[in-house]
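Encoded as structure tokens, the structure appears first; notes follow it.
No lab work stands behind these numbers, since they all come straight from the coordinates. If you're wondering where the values come from, they're calculated on a predicted model, not measured in any experiment. All Cβ positions, even for glycine, are placed from backbone atoms using ideal geometry, and neighbour counts span all protein chains on display.
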Amino acid sequence: MKSVKEMSVDQKLVQLAKEIIELTPEKDELPLKVIEILINDEEVQAIQDYANTVSIVRLGFNDHGPVHMRTVCRNALKMLKILYTCGIKTSLENENAGSFSDSVTAVVIASFFHDFGMTIGRQDHELYSGILAFNMIERILKTVLPESKDLNRRVIIRSMALEGILGHMGTRKIHSIEAGLILIADGCDMTKGRARIPMEMNSKPSVGDIHKYSANSIEKVKILQGKEKPIKIEVHMSADVGFFQIEEVLLQKINNSPAKNLVELFAGVEGQDEKQYL
């Protein structure tokens with residue numbers, strides 16, 4: 001059964017997808033159709049739920065379940081909406097390989113599936129995610145693009161989604177803006193709510209606790225339209241320990257992203273001056 005938080009994020013995702021579709025002259029509803037399938041798919045839900053169990057209960061990490069994967073999707077869609085508004089094309093558009101709608105659809109799929117591999121373990125989980133997701137991507141794309149004439153489109157969207165999944169840790173070279181946005185969107189999900197359950201479950205000191213405590217100081221992450229660059233990311237913190245999360249996680253992901261040149265990054269403790277990283 002879905003949590004209240006999941007249902008809330010689902011509603012926000014559907015609304016954001018509708019807003020993006022309305023911006024485009026084609027009004028292609030493919031991304032919305034895929035979102036509606038994903039948020040109601042029992043297998044997707046089961047895998048996301050179990051990924052969270054393994055992450056939190058077995059491994060002692062933070063949220064890697066349905067709320068996180070939906071939040072990454074929402075973060076990535078916010079950035080895509082900003083890029084479209086600023087007249088910046090995606091890689092599929094620049095290469096004349098696909099449409100903006102295809103890019104949005106691939107990003108949605110990658111976001112929902114990127115942490116499937118956490119059902120197995122942390123090491124190389126991005127690779128396991130791709131393996132686990134492959135047949136499901138095929139199933140979903142054949143549902144929304146069933147005609148034989150849609151074969152090329154399905155192949156391109158699937159390939160782009162897999163690049164986003166395999167590249168989301170920043171440890172493998174990726175080349176598209178779409179995959180780069182997944183990398184950044186994943187890094188942006190670092191507010192204290194994501195660390196709440198591990199903090200409550202594990203009170204004894206252990207190696208790696210700095211990640212939990214630093215994440216617990218992140219109050220809010222905002223994704224806005226920037227001034228010097230299209231995308232502005234603002235991180236609001238309650239304590240200086242949050243800078244660790246920014247410098248060791250988010251900044252590393254942005255630096256490894258093909259979309260780095262499109263992003264401004266600001267961070268600061270509430271009541272103090274902001275620090276500009278990018």
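General observations
- Order of LYS12, LYS173, LYS81 - criterion: other Cβ atoms within 10 Å of each residue's Cβ, fewest first: LYS173, LYS12, LYS81
- Dipole magnitude of the chain about its Cα centre (Cβ charges: Lys, Arg +1; Asp, Glu -1), debye to nearest 20: 60 debye
- The chain - mean residue ellipticity at 222 nm from DSSP helices (-39,500 (n - 2.57) per run, n ≥ 4, rounded to 500): -17000 deg cm²/dmol
- Calculated FRET value between ALA46 and GLU274, using beta carbons and R₀ = 41 Å, to 0.05: 0.50
- With a Förster radius of 25 Å applied to the C-beta separation of LYS227 and LYS89, the computed FRET efficiency comes to 0.75.
- LEU80 sits among other residues whose Cβ lies under 13 Å from its own Cβ, and their net charge, with Lys and Arg +1 and Asp and Glu -1, is 0.
- The modelled label-to-label distance for the pair GLU247/VAL155, using points 7 Å beyond Cα in the direction of Cβ, is 4.7 nm.
- Answer label for mean projected area of the Cα convex hull in nm² (calculated), chosen among [x] 14.1; [y] 15.9; [z] 15.1: [x]
- Ranked by the mean number of other Cβ atoms within 10 Å of their residues, highest first, the peptides 16-23, 52-59, 114-121 fall in the order 114-121, 52-59, 16-23.
- Over all other residues within a Cβ to Cβ distance under 11 Å of GLY187, the charged ones net out to -2, with Lys and Arg as +1 and Asp and Glu as -1.
- Against the main long axis of the alpha-carbon atoms of the chain, helix 4-23 sits at an angle near 50°.
- For HIS236, HIS68, order by how many other beta-carbon atoms lie within 10 Å, fewest first: HIS236, HIS68
- Relative contact order [Cα under 8 Å, 6+ residues apart], region 1-137, whole percent: 26 percent
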